[in-house]
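Inspection log for the structure reproduced underneath, given as structure tokens.
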Amino acid sequence: MIYSLEDFLAHAIAMEDESAERYLELADMMEAHNNLDVSKVFRDMNHYSQLHRDSIMERASGINLPKLKSWEFRWTSPPEVGDEDGFDYMMEPFNALEYARGNEVRAMFFYQGVANSAEEGSEIKELATEFAEEEKEHTEALDKWMGITPRP
Ligand code: ZN
């Protein structure tokens, strides 16, 4: 799919906004789980997502962005662990990291796909390439944490 700059910016803002929200939930979940290290990882990720969203919004100022009804590459819902009430407390840190990683990878593919189909030298190509690189770094950071977090 070929995106206009407006569409692309609107998607990127929505994605970063959602990922900020999810990371906050995951951070709270890990706190409830008494895993303060992983909670901090998620709080940092929340912070980066917010910063990224704000910088994209700054870039988009003055541009009339389309309203998105839905978009591809939303975060998947968290995997079911236990019954619904128990969910918050039962998701192990490793599962939470794995879940976040899956969504980072999907975001990376989204940005890469946009970069690949964008015109050479266009601003979208430049932005999407930069964003894909950023998601790759997030994925690697989560990999690192998964490597030192006990498997449930
Ligand atoms: Zn990310």
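Compute the relative contact order of the chain as a whole-number percentage, counting only Cα pairs closer than 8 Å that sit 6 or more residues apart in sequence. Walk me through the numbers before you get to the answer.
Details: 160 pairs, mean separation 40.9, N = 152.
That works out to 27 percent.
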Exercise. Helix 36-59: angle to the longest alpha-carbon principal axis of the chain, degrees 0 to 90, nearest 10?
Worked result: 10 degrees
For this session: Calculate the length of the line joining the C-alpha centroid of the range 121-152 to that of the range 1-37, in whole Å.
Result: 13 Å
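Compare the peptides 10-16, 100-106, 146-152, 125-131 by average per-residue count of other Cβ atoms within 10 angstrom and give them in order, highest first.
Values: 10-16: 22.3, 100-106: 19.6, 146-152: 11.0, 125-131: 17.3.
So the peptides 10-16, 100-106, 146-152, 125-131, ranked by packing, come out 10-16, 100-106, 125-131, 146-152.
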Exercise. In nanometres, what is the gap between the two model label sites at GLU123 and LYS69, each 7 Å from Cα along Cα-to-Cβ?
Worked result: 2.8 nm
Exercise. Could you give the angle, 0 to 90 degrees to the nearest 10, between helix 5-32's Cα long axis and the longest principal axis of the Cα atoms of the chain?
Worked result: 10 degrees
Seminar exercise, completed: Answer in debye to the nearest 20: the dipole magnitude of the chain about its Cα centre, from +1 Lys/Arg and -1 Asp/Glu charges placed on Cβ, is 120 debye
Exercise. Based on the alpha-carbon gyration tensor of the chain, what equivalent-ellipsoid semi-axes (square roots of 5 times the eigenvalues) come out, in whole Å, largest first?
Worked result: 30, 15, 13
For this session: Taking the chain as the reference, fit the longest principal axis to its C-alpha atoms, fit the long axis of helix 93-117 to the helix C-alpha atoms, and give the angle between the two in degrees, 0 to 90, nearest 10.
Result: 10 degrees
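Readers should treat all values here as calculations from the given coordinates under stated rules, not as data from a laboratory. Quick caveat: nothing in here was measured; it's all calculated off a predicted structure. Reconstructed Cβ throughout: ideal geometry from the backbone, glycine too, with neighbour counts over all protein chains shown.
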